[in-house]
Amino acid sequence: MSAAQTYRSTAARSRARAAVPGRTPASPPWRAAKGVLLLICCLLVIVPFLSIVATSLADNEQVTEAGGFVLWPERPSFAAYSAVLAGGVVTRALAVSVGVTVAGTALALLSSITLAYGLSRPGTFGHRPVLMILLFSLLFTPGVIPSYLLIKQLGLINSYWSLILPTMVNAFNVIVLRAFFMGLPRELLDAARIDGANALQILRRIVVPLSRAAIAVVGLFYAVSFWNAFFNAMLYMNESESWPMQLVLRTYVVNNAAIGAGEVSVAGAALPPSYALQAAILVLSIVPIVVVYPFLQRHLRKGVMIGAVKG
Amino acid sequence: MNNHVTRRTVLRGSLGAVAGLALAGCGGGVPAVPLADNSKVRMPDHVPYAGVRPAFPGTEEGVLNGYLHYPGDPVVAFPGGPPAKGEPISVMTLIYNPVPPPASRNGYWQALNRSLGTELRLEIVPIADYPTKVPVVIAGGDLPDAMCIRPEISQRPALLHALFQDLSEHLSGPAIREYPYLANIPPQCWRSTVYNGGIYGLPMPRANVGSVMFYRADRMRERSLDPRPADFAEFRRLCADLADPRRSRYALGDPLTTVYFLMEMLGGPNFWREDGGRFTYWLETEEIRQALDAARQLARAGLFHPDAFTVLNKFKDWFGSGQIALHYDGNSGWNDFYRLYAQNTPGFAIDGMLAPGFDGGPGTHWSGVSSFAFLSLKKAPRERIRQILRACDALAAPFGTDAYKLRKYGVQGVDHTLQGSDPLLTPTGKVQTTVPTIFVTDAPQSLYFPENPAVVPLQHAFQKRALDVLVTNPAEGMYSETDVTTGPTLLLRMNDELKGVVQGRVPLSSWDATVRTWRREGGDRMRAEYERYWESSRS
Amino acid sequence: MFVTSPECTGSPVPPLPSASHHAIREREPAHRPEGHAMSLLTRQKPRRRSGASAVDPPRGGARRDRALFWFTVPGLAVVLLFHYVPLLGHVIAFQDYQPFIGIWHSPWVGFANFSVLFNGEEKLVIALVNTLQLLLIQVVFVFPAPILLALALNSLLGERLKRVVQNVLYLPHFLSWVVVVAIFQQMLSDGGLVNVFLRAQELGTFNIIGNPELFKALLTSQVIWKDTGWGTILFLAALSRVDTNLYEAAAADGAGRWRQTWHVTLPALRGLVILLLILRLGDALSVGFEQIILQQQSGVGIQAGEVLDTYVYNNGLVAGQWGESAAIGLVKGIVGVALVLGANRVAHLFGEEGIYRR
């Protein structure tokens, strides 16, 4: 009896105070130490980031004097942002990026979930060879030229599909997803099967709902990779009108780095873009992700809730 | 000629063993196409444009024309109307700037197209990605009508021969007179367009004068220092007088270009020296040891910025903010520095310092690259080639014409406003006019700075003095496969060694070993290739 | 069997009658005997399983098998078309390939393109040693960092605080290496913020950037700074699935906090950790090319940070050497295959599943 009492009281206490329900809370000094450590970690990240934001708002004089990033804009202005957004190139590219990211992530999740699900039961027909094909695709990267020739053969040059299809299935993501799927309680799947559910129904009604956290993470991985991708667009999109944001921004930031000593004389072009401009670009390219991430985080938490509900 | 045939048959698809061997030989870095032909090429006539009188006339040797103001009534470049009527022209080229708005939403671009009489379809690639994209497009086989060919493209002679048009019949000798503005391009710019016994492209002219050792004239005046040191000892003293570490003030930034400047003092070779057909690289000379020794002295005296050896790409900003007082950069930096930094610094003033002789007397000055790259045209019927050349002729219309004004400053009232007769770009203009026509082809550069015309006489005077002691690079316009492929990374490694020695991290005594490395890993092959090329262009 | 509450690593549990339609609609995992969970604390390493087919009911198995296979078809088709078809282009590893000549007509050169990797130069040996050192450092310091951070975050009081912290820490992942390097230089170089401050206080300066001895430490701290927060995401997803009953059960068993972590939290991560470690090994020969190239000219000397990728770049893989580049890709891929298969075998020896079963 006493064991049961202890159990109940521990459970109650932990539900009240611990981040993870059911977990014994840590001792105060340990918690404090951890808090301080995390605070330091956060500061190490926040300070440079605030400095990037501050630089994007600073004027040229201050930036030049500081020789790069500043910690606080003395005379804040949005000049850098209006310079980047002038001419509508970046806004147009933003639309392209959002479109490609949304469509790409949706298609990628669809094909990756089905692929991972198809591989989630060892011993089924074709399981081993398909898994190996997937695994080896991580280890060998095709060359740029053959990929280009393929896209050209398929008639996808200058088509947005060329930005989605080649990167739609990432073996790493599929393998991770598969691992999560395989971790689902088997009894549940078997029970559903005995009840006459077919494979598709099991996927839709059990596997996907129970794997929300994993799907959210993999979705985030895909979304970020579509969002950050510029290389395929550089190869396959000849019209700068249909470039995604990252490629457009590249002409602001990376080109600057490409201008070495003496190169400017030969190029006869271009002041190096100011640090404020570069910082503004960084902020612009990160903002959408910062906006989207909390929505995904909700799914990560849901996983916790599922575990908690049944206690 | 035999070699020629072999290559052609290979290209047609015969995979004969002999042909295969011949090609395998190319991999070793031997130019595949007979070099001797190049000496027979008749270069385009040079017909300098005389429509506008410069305030400070240039010279045939390469001093640029200087202008204080744009003519109030620009010369009409094409009185007969748009010169290149016909099918759209696609050009693949690169950009250093942020990418401009596309033609459909860019009034400047549309006006440019109207003035040409055709649609200029630019496939723009960021400079950082250009070396990746070019081979891919070439492998794909679907070439644009014209393409910017950069020095990093390998197997250039064979590539040009296989895919691009030999323009000799259109440009050689008097033929170029049909395109008056192309004929205005100085002869030295055309040198790098000659391959396989033909002219394979249009140059993108740049100033012969190369780089400038800029100094902050305001800081010199402030401390009453003489910006014209007579020898190295005076230069070192000047640097010491400029340095004030407690106030984060130093004399020098980039250690590499400082070595260049010291080499100019010592009269060392501009990368290569040619003497009776024998080529010597600058790293092999006695001068480089002396320059390195001198640079070490400067470093030991703490005259370099403390981050000079660890941080890249900050030198311009250090110079602009006054943290360093001397900075070696391209001559177009002259205007750029004023645009970028003058508004922040009251009294901001810069000028160019010419290297004095190391032990007194006159020093030397290294010439720059006279053509940034060249534009090659895809093989096409004669009439189509002529149309494209007419379009390029328009894009090379020089300073003083209406076409130049439109190309550089866009539409009046939208892209620029007039200050007197001088066009000043509006914010819209700054965004729209970055369409990279300068990487298609261009007129010879000119000295002109409407924001601050007083700079022009200084620039002109510097160029005149520099041209008097100019040292050219004999390898310019020659082709060495090894230099194209191994050259850039070998150069990076050598730069690392140079910086290491100046910094004091690497002892000067190990320099012999470094030079041996350079020779072994490609230097000797480059030398041999350049010597062969040089010889062939004599015969 | 990787990322799962530990009960699933136990012996096959027969389908429970209680796992009814109702339970499924509630999206609620079947509950299990409490004693099962508690027994975990005393149990040794789980035995390897005999394969999932054991739980398949005997009838209709083959048909269902095929049904599952069809699910792989769309994804598989994408991989085959966009990855394996262009991979055929790797034949140019044995050619003197030139883009304008094409694969069909470029001459064959045998193994000549591989010579850059097998020329036995001393510098290559240095590069390999550096590569392995960095790999080791990364496996020891960089790889566990997100796990530790995820554990710390997971046990953090307050859901909102946890989310804020997480939201901050994953940000650096989105900065390119150029920017990360610039930030580190801005902070730590001789003229950087830290040293300017120290100099002003007359505390002496730290020579960090441009110090060859600290170069590897610098590289490592950059990687940790950039990717640790991001790396936690996967582990947090795995932790979110830990059955909280297990903590209660463990607590009931009298397990303290550390033992709870050891017996409940870590086993839940073990499969994922091993999986990721094996996948990292497949990429063993790549240790931060872009990051290093950007900093090789920062006064430390090329040798200090030369790794295989940069060696190849600095010594052979230069403009137009398509054949060599393909050859190096092939060799790295083959090494990756060997390491992945080997690591997977080792995982099997320890009773783990790795990426695939034996």
Item to complete: Looking only at segment B:491-508, decide whether some residue is at pLDDT below 95, among the polar types (S, T, N, Q) and either in the same structural domain as B:Leu283 (by TED's automatic domain parsing) or within 21 Å of the chain's Cα centre (by Cα) (or both).
Response: yes
Discussion item. What's the number of the only condition in (1) touching a Gly at 6+ places or on another chain (Cβ under 7 Å); (2) in contact (Cβ under 8 Å) with a residue 40 or more places away in the chain; (3) not in a helix (DSSP H, G or I) that A:Thr141 fails to meet?
Written reply: (2)
Worksheet entry | Any hit, segment C:270-283, residues being among the small types (Gly, Ala, Ser), more than 11 Å from chain A (Cβ to nearest Cβ) and under 17 Å from C:Val142 (Cα atoms) | no
Item to complete: Could you tell me whether B:Asn97 is more than 25 Å from the chain's Cα centre (by Cα) and closer than 28 Å to B:Val136 by Cβ?
Response: no
Worksheet item: What about A:Ser147, is it crowded, with 23+ Cβ neighbours inside 10 Å, polar (S, T, N, Q) and within 30 Å of B:Lys133 (Cα to Cα)?
Response: yes
Practice prompt. May I ask you to say which residue of C:Ala326, C:Ala343, C:Ala250 is in contact with a strand residue (DSSP E or B) (Cβ under 9 Å, 6 or more places away or on another chain), outside any loop (DSSP other than H, G, I, E, B) and more than 30 Å from C:Ile209 (Cα to Cα)?
Written response: C:Ala326
Worksheet item: Can we say C:Gly351 is away from every other protein chain (no Cβ under 11 Å) and of a type in the set (Gly, Ala, Ser)?
Response: yes
Worksheet item: In the set A:Ser112, A:Ser51, which member is out of contact with any Pro (no Cβ under 8 Å at 6 or more places or on another chain), buried (at least 19 other Cβ atoms within 10 Å of the Cβ) and assigned by TED's automatic domain parsing to the domain that holds A:Val176?
Response: A:Ser112
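Yes/no matrix, rows are residues, columns are (1) crowded, with 19+ Cβ neighbours inside 10 Å; (2) without any contact (Cβ under 8 Å) to a residue 24 or more places away in the chain; (3) under 21 Å from A:Val176 (Cβ atoms):
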{"residue": "C:Leu285", "(1), (2), (3)": "yes, no, no"}
{"residue": "C:Glu290", "(1), (2), (3)": "no, no, no"}
{"residue": "C:Ile302", "(1), (2), (3)": "yes, yes, no"}
{"residue": "C:Gly305", "(1), (2), (3)": "yes, no, no"}
{"residue": "C:Asp309", "(1), (2), (3)": "yes, no, no"}
{"residue": "C:Glu324", "(1), (2), (3)": "yes, no, no"}
{"residue": "C:Gly336", "(1), (2), (3)": "yes, no, yes"}
{"residue": "C:Leu339", "(1), (2), (3)": "no, no, yes"}
{"residue": "C:Ala343", "(1), (2), (3)": "yes, no, yes"}
Fill in: Segments classed as helices (runs of 4 or more DSSP H), wholly inside segment B:436-528, with at least 1 members that are crowded, with 18+ Cβ neighbours inside 10 Å and more than 14 Å from every other protein chain (Cβ to nearest Cβ)
B:455-468, B:511-518
Fill in: Single condition C:Ala182 does not satisfy, out of (1) more than 25 Å from C:Leu272 (Cα to Cα); (2) touching a Leu at 6+ places or on another chain (Cβ under 6 Å); (3) crowded, with 22+ Cβ neighbours inside 10 Å; (4) aliphatic (A, V, I, L, M)
(2)
Fill in: Residues (surrounded by fewer than 18 Cβ atoms within 10 Å (Cβ to Cβ), away from every other protein chain (no Cβ under 14 Å) and within 28 Å of B:Pro436 (Cβ to Cβ)) located in segment B:345-381
B:Ala380, B:Pro381
Worksheet item: How many residues are of a type in the set (Val, Ile, Thr) and free of Cβ contacts under 8 Å to residues at least 12 places away in the same chain when one looks only at segment C:178-227?
Response: 3
Fill in: Residue within segment B:393-416 that is within 13 Å of another protein chain (Cβ to nearest Cβ), surrounded by 22 or more Cβ atoms within 10 Å (Cβ to Cβ), among the small types (Gly, Ala, Ser) and over 16 Å from B:Arg114 (Cα atoms) present
no
Discussion item. Please count how many residues of segment C:160-179 are surrounded by fewer than 20 Cβ atoms within 10 Å (Cβ to Cβ) and touching an Asp or Glu at 6+ places or on another chain (Cβ under 8 Å).
Written reply: 2
Discussion item. Can you find, within segment B:226-262, the residue that is nearest to B:Leu292 (Cα to Cα) among those that are free of Cβ contacts under 8 Å to residues at least 12 places away in the same chain and part of a helix (DSSP H, G or I)?
Written reply: B:Ala233
Worksheet, complete the sentence: Here, strands (runs of 3 or more DSSP E) confined to segment B:263-344 with at least 2 residues that are within 14 Å of chain A (Cβ to nearest Cβ) and touching a Lys or Arg at 6+ places or on another chain (Cβ under 9 Å) are B:326-330
Item to complete: Answer with yes or no whether B:Ser536 is modelled with pLDDT of 90 or more, out of contact with any Lys or Arg (no Cβ under 6 Å at 6 or more places or on another chain), surrounded by fewer than 18 Cβ atoms within 10 Å (Cβ to Cβ) and in a helix (DSSP H, G or I).
Response: no
Discussion item. Regarding segment C:189-198, can at least one residue be identified that is of a type in the set (D, E, K, R), in a loop (DSSP other than H, G, I, E, B) and more than 24 Å from A:His299 (Cα to Cα)?
Written reply: yes
Fill in: Meets criteria (touching a helix residue (DSSP H, G or I) at 6+ places or on another chain (Cβ under 6 Å), touching a residue at least 24 places away in the same chain (Cβ under 8 Å), within 26 Å of C:Leu339 (Cβ to Cβ) and not aliphatic (A, V, I, L, M)) for A:Ser111
no
Item to complete: Return only the number of the condition from (1) within 14 Å of chain C (Cβ to nearest Cβ); (2) closer than 30 Å to A:Gly88 by Cα; (3) within 19 Å of the chain's Cα centre (by Cα); (4) buried (at least 19 other Cβ atoms within 10 Å of the Cβ) that B:Arg156 does not satisfy.
Response: (2)
Worksheet item: Given B:Thr441, B:Thr482, B:Thr489, which one is free of Cβ contacts under 8 Å to residues at least 40 places away in the same chain and touching a helix residue (DSSP H, G or I) at 6+ places or on another chain (Cβ under 8 Å)?
Response: B:Thr489
Item to complete: Output the helices (runs of 4 or more DSSP H) that fall wholly within segment A:28-106 and possess 2 or more residues being facing another protein chain (nearest Cβ under 7 Å), out of contact with any His (no Cβ under 9 Å at 6 or more places or on another chain) and at pLDDT 85 or above, or say none.
Response: A:28-57
Worksheet item: Among the residues of segment B:124-153, how many are farther than 16 Å from A:Tyr148 by Cα, within 14 Å of chain C (Cβ to nearest Cβ) and of a type in the set (A, V, I, L, M)?
Response: 4
Worksheet item: On the given criteria, is C:Leu239 closer than 19 Å to C:Leu156 by Cβ, at pLDDT 80 or above and either among the hydrophobic types (A, V, I, L, M, F, W, C) or surrounded by 19 or more Cβ atoms within 10 Å (Cβ to Cβ) (or both)?
Response: yes
Worksheet item: What residue, of A:Val217, A:Val207, is facing chain C (nearest Cβ under 10 Å), part of a helix (DSSP H, G or I) and in contact with a helix residue (DSSP H, G or I) (Cβ under 8 Å, 6 or more places away or on another chain)?
Response: A:Val217
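The values are calculated or read from the model by the stated rules, or taken from the named source; none is laboratory data. Quick caveat, the model's predicted, so the values are computed rather than measured. Virtual Cβ from ideal backbone geometry, glycine too; neighbours counted across all protein chains shown.
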